[in-house]
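Notes follow once the structure below has been shown.
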Amino acid sequence: MTLYVAPDGNDAWSGTLDAPNAGNTDGPLATLTGARDTLRVLRGLGMLTGPAEVQIRGGEYPLTAPVDFAPQDSGTSAAPITFMAYPNEKPVFVGGVRITNWTQSGPIWTAQAPAAWGASYDFMSLWVNGKRAIPARTPNATNEAGDYPTDNDFYFQAGQLFEDDGMGGQVPSATRFQYRNGDLQNWATLNDAHVVVFHAWATSLLRVANLDQANHIVEFTGPAGWEFGRWRSDQWYYVEHLLEGLDQPGEWHVDRANGLVSYMPRDGEDMTTAEVIAPVASQLLRLQGNPAAGQFVSWLTFRGIAFKYTHLALPAGGMTDGQAASGTNAAIEAMGARNCTIDRCEVMHTGGYGVWWRRGSQDNTLSHSEIYDLGAGGVRVGETTTAPTADDEVLRNVVDNNYIHDGGRILRSGVGVWIGRSSYNTVSHNDISDFRFTGVSAGWQWNYLASSAHDNIVEYNHIYECGKQQLNDVGGVYTLGVSPGTIVRNNRIHDIFSNPKLYGGWGLYTDEGSSDITFENNVVYNTETGGFHQHYGQYNIVRNNILAFSRNAQVMRTVAEPGLSFTFERNIVYFNGGTLLGDEWSDDHFAFDYNVYWDAAGRPLDFGGRDWTQWRTAGMDLHSMIANPLFADPDTADFDVGSGSPAISLGFVPIDDSTVGLYGEQAWVDKPKDIVRDPFEPPDLSQIHEDFETTALDSVALNAGTHGETETARVRVTDELAHAGVRSLKFVDEPGLPQTFYPYVDYTPITTEGIAHGTFALRFSPGTLMYHEWRDNHVPYRLGPNVWIDAAGNVKVNGVAIMSVPADTWIVFEITCGLGYDADGTFDLDITVEGQEAVHFDGLACGTPDFNRINWFGFVSDATWAQTFYIDDIHLQATTTGSGPSLPIGWEASAALSAIVCAISVWRIVRH
């Protein structure tokens, strides 16, 4: 049985002809709904006994609501039903409407949107000639889609506000914050706009309820998902869908009341002929089974069809994207689908996700499809809650050989492929790129509670360009919860960059409770904070991977636990910046062996605060080596190892990643190469230069964390006093704070080598107790230079007074300390009281003798009484000296002498 659908068809016809007949009395059907209904009639007449095809002619098929398929529309294993493109043609189902009749006024063109949304023209997306337009925003983004932002991309919260917690205390507000003077205004189109607020791993889209311009307070119509300032006191945000922000090509705005659309064309766009589409339908295709009743939609295939343009509505109370954009729907959604297939399709230009196999969906396949330009994520498999019955479980679905890219265009935490509480799924051979959050996420159970996500396979995927420095807590592959049988293998993962002002851009990331998972044969490189990171979990295996070129630590572990965290064996760890191990390594509840480590910068390796001998004395890496693995060309990401590599002698199996990613016809395999990206140069995080002259008054310090504030205990920029210029940072302390070290301000540089020079100016009132420290990010942290001012005006280092200084005058402190190879456990200090000669102190002891890098640079008010002091002109910069090992950089530990290396911790030097 074959039926046909065509744009010039008629749902009253038989559908048995592929074109209208000469008399225009019969021919193809006109809609997918018509084909579905015709099949229902044929089935009822007993005429549908074998396989059936519905061939859809090329052209566009408009939709304002999804086409639904019910259990009665199912095929069988012997008589499946296929909805497919007519040979050599491309049918396109379109969930948007055209906006036409554009008129020009200067650089702006305007047109009236059709009345397709009810009472309000509340659409959040627009496409011009197939390219997503940019909601008019302020400030403007430096790069397309806000990727790799600079400080100029954002406004910054000036400080927290507090609410009554109902128990006599105060908690930070999730509905209000203080903004910097001049940032927000009572714009005429503010009611059309919303504020995009960045948290850590998600964003909130919030509508403004009230703008108190006298006190610089903005209040929203609904709460954000987290209190403002939770992760950073200078929380960043911007305003979009604001007509007053329409000032660069590609931006647009819609007046939500009257539907007038304004647009500034990009170069080459002719608005007299341009195709401009606004989305109307929130979904395009749904398979609507009823798993609870044991009713399923089965044996349907959709092949060679394009689905594009879906709408995401913003509620009156705003929207918070909790994690992974898990509250949004998908253009194609299957509930209770069994043995269904989506193959060689396109899903594009969405408001939410692309495809979702949800409750009760089992044994389905998504293959050879391109899913892109997504308001949220690409593909979802499973639910956020555990299935109540076996029929409700989501099992054995396959996502294979798909090109999934450019997600998170509205809700940034959309994931390339997300697996919730679902098991026995396979995610394989996909090319996943350009997501503002995670590439693949598997599992959805926090802590060590029983999880219904296990035995999932993530393999042979190419995952890259994730995070793009917009969000944090990002993983190339992210896992969550106890997941026995889950395997992550043979993936190539790279360029995973979180926002460097917070944390968390990892290649392989086992988050809360992730346990019993195997990671093997993965090649991971170019990450923000680590090739592998375990938050907490047990009995994971990290085996035969290559981890290279993390900007921070290469391997991280956050929480010390009573059980075995993970086994790390037969891996190659190669880097030239950052450190080898990060965070918590004090309890030895992990197992390392048969690994090869190499710092191409020639620095001594730090094994969580221990040297090689101490690390191995604790039983770690007894058969491992510090050796050059002899990669073919690591600088161009060619990590092939030959038979001469010392890693081979330790049992490392060379990783063939030639079959990673897409497979099939060459044009399909090469398709990702069509996207040309500008090289990304990570910002220099080793320096601090802040004089507060360009920071708004009454604002927290930018690019720093401000902690422990209340309504009256605060750290804000002021023009009351200044060391140079007219502004400084004012600390106001008060009695009764939860911690004596509140409030405080910290910067988090990554300064690892050379001679570090740090300076700041201080002015304090009599009786002030404060301190300034340099720390690393080891757990527990190692303390470097530390300078205290006690209540009597004494300057103390390591608790010992070295001189006294007067109050109510500016004092400049200059600290010099060696890092990396130049670290010797001491620092020099110069103290200059205004109008006096500098006093020099040479060779003061660091707080911890093995301090050798700076990851925390802070100023702390440590009183339990009311006090005020000022900080100004903060600078930190390191100069390299050329110092390094006395041995040439080309040395390596010989595999033949590894036993000797293990015994006496000396290395044989050879040239290569």
**Full-stretch length increase - Asn447, His875 - with 0.36 nm per residue and alpha-carbon distance subtracted** = 150.0 nm
**Request:** May I ask you to evaluate 6.51 cos²θ - 1.76 cosθ + 1.60, the Karplus curve with θ = phi - 60°, for each residue of segment 578-589 and list the ³J(HN,Hα) values in order in whole Hz, giving x for glycine and proline?
**Result:** x, 10, 6, 10, x, 6, 9, 9, 7, 9, 6, 8
**From phi via Karplus (6.51, -1.76, 1.60), per-residue ³J(HN,Hα) for segment 628-642 in Hz, x at Gly/Pro** = 6, x, 6, 5, 4, 6, x, 5, 10, 6, 9, 9, 4, 10, x
**Complete:** Cα-Cα longer than 20 Å, checked against Lys308/Lys468; Lys730/Lys796; Lys131/Lys671; Lys468/Lys673, kept in input order, equals Lys308/Lys468; Lys730/Lys796
**Request:** Excluding Thr82 itself, calculate the net charge of residues whose Cβ lies under 14 Å from the Cβ of Thr82, where each Lys or Arg counts +1 and each Asp or Glu counts -1.
**Result:** 0
**Request:** Taking every Cα atom in segment 344-413, find the radius of gyration and the maximum pairwise distance Dmax, and write them in Å.
**Result:** 12.8, 35
**Request:** Using θ = phi - 60° and the Karplus relation 6.51 cos²θ - 1.76 cosθ + 1.60, list the HN-Hα couplings for segment 429-438 in order, rounded to whole Hz, with x at every Gly or Pro.
**Result:** 6, 9, 9, 10, 8, 6, 9, 8, 9, 8
**Asked** Taking the C-alpha atoms of segment 296-445, how large are the radius of gyration and the largest Cα-Cα span, Dmax, in Å?
**Response** 14.0, 41
**Request:** Could you pull out every residue, at least 5 positions away or on a different chain, whose amide H is within less than 5 Å of the one on Tyr536? Hs are placed 1.01 Å off N in the peptide plane, and Pro or chain starts have none.
**Result:** Glu512, Gly513, Ser514
**Request:** For segment 177-304, just the Cα atoms, rotate onto the principal axes and tell me the three extents in Å, largest first.
**Result:** 63, 46, 26
**Item:** Cut-off under 5 Å, modelled amide H: who pairs with Met770 long-range
**Value:** Ile789, Asp862
**Request:** Would you mind classifying segment 105-276 by shape? Square roots of the alpha carbon gyration tensor eigenvalues, ordered a ≥ b ≥ c; an a/c under 1.5 is rounded, otherwise it is prolate if a/b is larger than b/c and oblate if not.
**Result:** prolate
**Prompt:** If you place +1 on the Cβ of every Lys and Arg and -1 on the Cβ of every Asp and Glu, how big does the dipole about the Cα centre of the chain come out, in debye to the nearest 20?
**Reply:** 2220
**Projected label distance in nm at Asp808 and Asp247, using a 7 Å step from Cα toward the beta-carbon** = 4.5
**Asked** Can you give the accessible area of Asp828 in Å² (nearest 10), computed on protein heavy atoms with a 1.4 Å probe?
**Response** 40
**Asked** Considering amide H positions built from the backbone, and no H for Pro or chain starts, which residues 5 or more places from Val779, or on another chain, come under 5 Å of its amide H?
**Response** Asp583, Trp585
**Complete:** The summed charge of the Pro806 Cβ neighbourhood (under 13 Å; Lys/Arg +1, Asp/Glu -1) stands at -1
**Request:** Any chance you could look up the accessible area of His778 with a 1.4 Å probe, heavy atoms only, rounded to 10 Å²?
**Result:** 30
**Fill in**
Place a point 7 Å from the Cα of Leu622 in the direction of its beta carbon; the residues of segment 566-583 whose amide N falls under 17 Å from it are 567-570
**Request:** Could you rank the peptides 649-661, 511-523 by their average count of other C-beta atoms within 10 Å per residue, with the highest value first?
**Result:** 511-523, 649-661
**Complete:** Total charge of the residues flanking Thr189 in space, meaning their Cβ is under 15 Å from its Cβ, with Lys and Arg +1 and Asp and Glu -1, is -4
**Fill in**
Of the candidates Asn24, Thr38, Ser74, the farthest towards the positive dipole end of segment 2-94 (Lys/Arg Cβ +1, Asp/Glu Cβ -1, centred on the Cα centre) is Ser74
**Asked** How do the peptides 668-680, 117-129, 829-841 rank, highest first, by the average count of neighbouring beta carbon atoms within 10 Å per residue?
**Response** 117-129, 829-841, 668-680
**Cleavage-rule hits, GluC sites (Glu not before Pro), segment 27-99, DSSP coil, Cβ neighbours within 10 Å at most 15** = Glu89
**Message:** Keeping all protein chains in the complex and leaving out DNA, RNA and ligands, what accessible area do you get for Lys796 with a 1.4 Å probe, in Å² to the nearest 10?
**Reply:** 60
**Message:** Tell me the relative contact order for segment 105-276 as a rounded percent, counting alpha carbon contacts under 8 Å between residues six or more apart.
**Reply:** 32
**Fill in**
Correct semi-axes for segment 291-674, from √(5λ) of the alpha-carbon gyration tensor and rounded to whole Å with the largest first, are 36, 22, 19
**Prompt:** How big is the Cα convex hull of segment 688-879 in projection, averaged over all directions, in nm²?
**Reply:** 10.2
**Fill in**
Taking 0.36 nm per residue of separation between Trp668 and Asp270 and subtracting their Cα-Cα distance, the length gained on full extension comes to 140.2 nm
**Message:** At 0.36 nm per residue, and after removing the present C-alpha to C-alpha distance, how many nm does the segment from Ala119 to Asn798 gain when stretched out fully?
**Reply:** 237.6 nm
**Prompt:** Helix 32-44 versus the longest principal axis of the chain: what is the Cα-based angle in degrees, 0 to 90, to the nearest 10?
**Reply:** 50
**chymotrypsin sites (Phe, Trp or Tyr not before Pro) lying in DSSP loop within segment 545-582, provided at most 12 other Cβ fall within 10 Å** = none
**Prompt:** Based on the mean of other beta carbon atoms within 10 Å per residue, what is the order of 64-75, 132-143, most packed first?
**Reply:** 132-143, 64-75
**Prompt:** When only the heavy atoms of the protein chains count and the probe is 1.4 Å, how do His494, His757 rank by accessible area, highest first?
**Reply:** His757, His494
**Prompt:** Taking the structure as given and computing Cα extents along the principal axes in Å, which label from (i) 99, 69, 59; (ii) 113, 69, 55; (iii) 104, 73, 55 fits?
**Reply:** (iii)
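The values are calculated or read from the model by the stated rules, or taken from the named source; none is laboratory data. All figures in this text were calculated on a predicted structure; none of them were measured in a lab. Because the Cβ atoms are built from the backbone with ideal geometry, glycine has one as well, and the counts that use them run over all protein chains shown. The area values use the complete protein model at the heavy-atom level, side chains included, leaving out ligands, DNA and RNA. Shrake-Rupley method; radii C 1.70, N 1.55, O 1.52, S 1.80 Å.
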